[in-house]
Each structure stands twice: as C-alpha cells, then as structure tokens.
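Structure, as structure tokens:
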Amino acid sequence: MHRILTLLAASLLLAVSARAADAPAYETVSKKSEIKFFAILNNAPVQGRFREFSADIRFDPEQPDKSHIAAEVNTGSIVVSHADAEKNIQLPEWLSTEKFPKASFKSKKITRMPFSDNYYAEGDMTIKGKTAPATLNFHLQQKGDVAVAKGFVTLKRSAYGIGKGEWAKDDALKDEVRVEFRIFAKKMTK
Amino acid sequence: MPLKNTVASYGSAAKFFHWLIFLLVAGLLTVGFIMTGREINPDTIRLYGLHKSIGIAVLLLALLRLSWRLANPVPALPEWMKPHERFLAHASHWLLYILIIVMPLSGWLMSSAAGFSVSVFGRFTLPDLVAPDKTLAETLAAAHGLLAFAIIGLVTLHAAAALLHHFYYKDNILRRMLPFTREAIRASDTDATGC
C-alpha cells in the first residue's frame, strides 16, 4: 500500500514537473531588441529608451496559459535625447535610479486572442518599488527557434510616483506613458 | 489710410506687420530670458511651449511680411541721405528681415535636435527638422542665444536711427511708419525707389 502511494506520488510529481517544462525557454538577443517609451510634454511627443534589459521567457503559443514572462530593465540605462533631461530623469523625484536600479514585469496570465498571433499578458509592473497591475499587448512572430514579440504597454507614471511635487498631477507632462518593445528571442537549447 | 504703400508713406498692411512683429519679438525676448532663468517646473515648461508657439507665429508673419515687401514699392529715403547712410539703412533693414526668419528657424532646429518637438499652441506638432543629436542641440542653443542678442542690438540701432531722423533731421521717416498717421504726397517726394 505504502509503496503504491509512493509510486503514485512520484508519478504525479513527474507529471506535474513535466507539464511545467512544456513551455520552452527563450533567451533575449539584446542587440536586436529594444524598449522605447513615449511621453507627451507640452503637447508634443518626447521619447527615450532603455539600453539594458533582460527577460526570462517561457513561452508556448499553443499553451499561453502555461507561459510566463519575467522582464527586468536597468533603469539607469535610460537614454533621452536631451543631456540635462537624461540626468534629471534619474533623480529621486523621477526614476530614482540609484535607489531603484531595476524595474520589472512579471506576468500572471497570458492570453492568446483567437485566430491570431496577438497576445496580452496581465501581470505586475514594479517601478520605483511600487507594484501596479499592467497588461502587455503584443504580436508574436515565430520562425523556427526565433521569436519576435512586438508590443506595448501603457503606464500611468502617477501609479509609480514618477514625477513628484508639482509634476505629480500636472498635465504639462501627461500621466500616461507608452512603452513600446520589440523583443528578439531565441529558443534556448538545453 | 491706404492698405498699400504710397510714394510718401507706408500703407496699413506694412505698418501692421511692422508693429505686430515688433511686439511679438519683444514678448519672445522677454519670455525667452525669463524661462531660461527659471527652475524647470511645469509652469516653466508651459512658458517654453508659449515661446515656441509664438515663435512659429512670428516665422509665418515674417514670411508673409517679406512677400508683401517684395511685391510692393516702398517710400524712398530722403534725397539728402548720402550713399553710405543709405547702405546702412538698407543693410540693417534686410538684416532684420533675415533675423526674424532665421531666429525662429534656429529655435525649431534646436528643439528638433533636443528631441522636443514643437507643438503650436497645443493644436498641432511640427515635424522635426533634424534627428535628435545632443551636440547639435547644444550648438543650436548657443546660436539661438547669440541671435537673440543680435536682434536686440539691431532693433536698438534701428529705433535709434528712427529717432535720430525724427528729432535731429526732422524728416518724416518715423512718422510714415507710425500707425494712425497719414502722410500726404508732397511735391518734394521723388518716385518710389526703394530700400
């Protein structure tokens, strides 16, 4: 009896672990990927990007519910076209990159939109130590071992305390910031 | 007062352009110095937006004004003026035309290079003239600042000359550009060959 139970438990465990390994792991090719963001300042678009980021992706298009995305961005790697702005945006009132060197997204649920290569990933976005729900919208293109995910997420900077004091509620710099990403990933061969 | 210039005086169109652009440029210089002297906060950002919007308005007005100027004769300079005096007058006027066009253009270029597109009164955004480039932005910022001082210098010279003509030479040079005056054509006026 005891033996049978152990066998049952073992096989169950095996089955579960085998399930989790179903979604193949991908590694991002940073040189071919980019994360950009767009904000509206004085009714005109301003943009920037992050040079350093990584993503832990386990993805199976046939089983989006078993897929998982965990992305991390080095906030200090931010680049904007104006030298002063690039310095200021790293200050405590803005991204506070010294105290919070990383921003991250962890998906909780990935859904594939029917009959398409469009997905949305609901999860938690953590910036400046604050976590708020966020949904990534992306299109996935797969060719053999290579996958390219192109999408965006719209964030409210107020949810993360980006821009304090007079900037917090001022429309001179709009609350919504659009982050666009293009992640080029290769299936990890293990 | 006629719309077009006559042999004796500027018409209402020329006067309108002249004084409106002067007022706007004076305003731009004031706002420009104030906004660059303040700390960067949302209100300062809005001042920048206002400055850029009015700047583009001046660019448009300057182009219209130049077109009007090229399509119309201008009242002649007083006969007694010597060749070098005429040269100074013509040169400073043309330089002013060039400055009111180059100045807003340099601002637009600088904004483009700095990655801050120009929004005109929040209604539409102008295309960027150049791609973002930190070094270029700094150079253009310096140019825009230098041009501001050039304009201040030249406008001061221009106004001083007008006052000189009015109070010292006692001719009608200033009067014929003043709004609400009407200069009659006199026998002493020659045909309109211009500035």
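Taking the Cα centre of segment A:20-69 as origin and charging only Cβ (+1 Lys, Arg; -1 Asp, Glu), how large is the dipole, in debye to the nearest 20?
On the way: 7 positive and 8 negative charges, 84 e Å.
It comes to approximately 400 debye.
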- Item | Distance between segment B:108-174 and segment B:35-107 - C-alpha centres, whole angstrom | 7 Å
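Mind giving me the FRET efficiency for residue A:74 and residue B:91? R0 is 51 Å, r the Cβ-Cβ distance, nearest 0.05 is fine.
Details: r = 56 Å, r/R0 = 1.11.
Computed FRET efficiency for residue A:74 and residue B:91: 0.35.
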- Label-point separation in nm, residue B:138 to residue A:22, each point 7 Å along Cα→Cβ: 5.7 nm
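Quantify how strongly other chains surround peptide A:120-132 by giving the mean number of their Cβ atoms within 10 Å of each of its Cβ atoms. Each step should come with its number before you reach the end.
On the way: counts 0, 0, 0, 0, 0, 0, 0, 0, 0, 0, 0, 0, 0.
Mean number of neighbouring Cβ atoms from other chains: 0.
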- Item | Choice from B:127, B:75, B:104 showing the highest fluctuation, given a GNM over chain B with Cα pairs closer than 10 Å | B:127
- Could you check the simple spin-label distance between residue A:36 and residue A:137, using points 7 Å along Cα→Cβ, in nm with one decimal? 1.7 nm
- Task: Report the one residue of B:3, B:51, B:17 whose Cα lies farthest in the direction of the positive end of the charge dipole of segment B:1-72 (charges on C-beta: Lys and Arg +1, Asp and Glu -1; origin at the Cα centre).
- Result: B:3
- Considering only B:48, B:169, B:97, give the residue with the highest GNM mean-square fluctuation for chain B, with springs between Cα atoms whenever their separation is below 10 Å. B:169
- What total accessible area, in Å², is buried where chains A and B meet, using a 1.4 Å probe and rounding to the nearest 100? 1400 Å²
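Taking the Cα centre of segment A:1-152 as the origin, how large is its charge dipole in debye, to the nearest 20, when only Lys and Arg (+1) and Asp and Glu (-1) carry charge on their Cβ atoms?
Numbers: 20 positive and 17 negative charges, 32 e Å.
Computed charge dipole of segment A:1-152: roughly 160 debye.
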- Dipole in debye (nearest 20) - the protein assembly as shown, about Cα centre, beta carbon charges: Lys, Arg +1; Asp, Glu -1: 480 debye
- For segment A:130-143, in order, what is each residue's ³J(HN,Hα) by Karplus, 6.51 cos²θ - 1.76 cosθ + 1.60 with θ = phi - 60°, in whole Hz (x at glycine and Pro)? 10, 10, 9, x, 8, 10, 8, 10, 8, 10, 10, 10, 10, 9
- Query: Of chain B, which part is the longest with no trypsin sites (Lys or Arg not before Pro) in a loop (DSSP not H, G, I, E, B) and with at most 14 other C-beta atoms within 10 angstrom?
  - Reply: B:39-122
- Item | Given charges at Cβ of Lys, Arg, Asp, Glu: the protein assembly as shown dipole, positive-most of B:150, B:162, A:123 | A:123
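Using a 10 Å cut-off around each Cβ of peptide A:37-45, what is the average number of partner chain Cβ atoms that fall inside? Before the final figure, lay out each step's value.
Details: counts 0, 0, 0, 3, 8, 15, 11, 14, 6.
So the per-residue partner count for this stretch is 6.
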- Which ³J(HN,Hα) values in Hz, rounded to whole numbers, follow from the phi angles of segment B:85-90 under the Karplus curve 6.51 cos²θ - 1.76 cosθ + 1.60, where θ = phi - 60° and Gly and Pro get x? 6, 5, 4, 4, 4, 4
- Query: In percent, how large is the relative contact order of segment A:108-190, given Cα pairs closer than 8 Å and 6 or more residues apart?
  - Reply: 24 percent
- Query: Just how far, in whole angstrom, is segment B:1-27 from segment A:77-153 if you go by their alpha carbon centroids?
  - Reply: 56 Å
- Item | Listed pairs A:106/A:186; A:108/A:186; A:36/A:66; A:130/B:134 exceeding 24 Å between Cα atoms | A:36/A:66; A:130/B:134
- Message: Just want the answer: with Cβ charges of +1 for Lys and Arg and -1 for Asp and Glu, which residue in A:155, A:184, A:167 is farthest toward the dipole's positive end in segment A:150-190?
- Response: A:184
- For residue A:86, tell me the accessible area in Å² from a 1.4 Å probe, rounded to the nearest 10. 40 Å²
- For segment A:23-97, the spread of Cα positions along each principal axis, largest first, Å: 45, 25, 24
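As a check on your grasp of the helix formula, calculate [θ] at 222 nm for the protein assembly as shown: sum -39500 (n - 2.57) over DSSP H runs of n ≥ 4, divide by the residue count, round to the nearest 500. Display every interim value, and only then the final one.
On the way: 6 runs with 143 residues, N = 385.
Computed mean residue ellipticity for the protein assembly as shown: -13000 deg cm²/dmol.
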- Heavy-atom accessible surface, probe 1.4 Å, ligands and DNA/RNA ignored: which residues of segment B:9-49 lose at least 20 Å² versus the isolated chain? B:40, B:41, B:42, B:45, B:46
- Pick from B:179, B:42, B:73: which residue has the top mean-square fluctuation in a GNM of chain B where Cα pairs under 10 Å get a spring? B:42
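The values are calculated or read from the model by the stated rules, or taken from the named source; none is laboratory data. Since this is a predicted model, take the numbers as computed values, not measurements. As a convention, Cβ positions derive from the backbone with ideal geometry for all residues, glycine included, and neighbour counts pool all protein chains shown. In case anyone asks, the SASA skips ligands and DNA or RNA and just uses the protein heavy atoms, side chains included. Shrake-Rupley method; radii C 1.70, N 1.55, O 1.52, S 1.80 Å.
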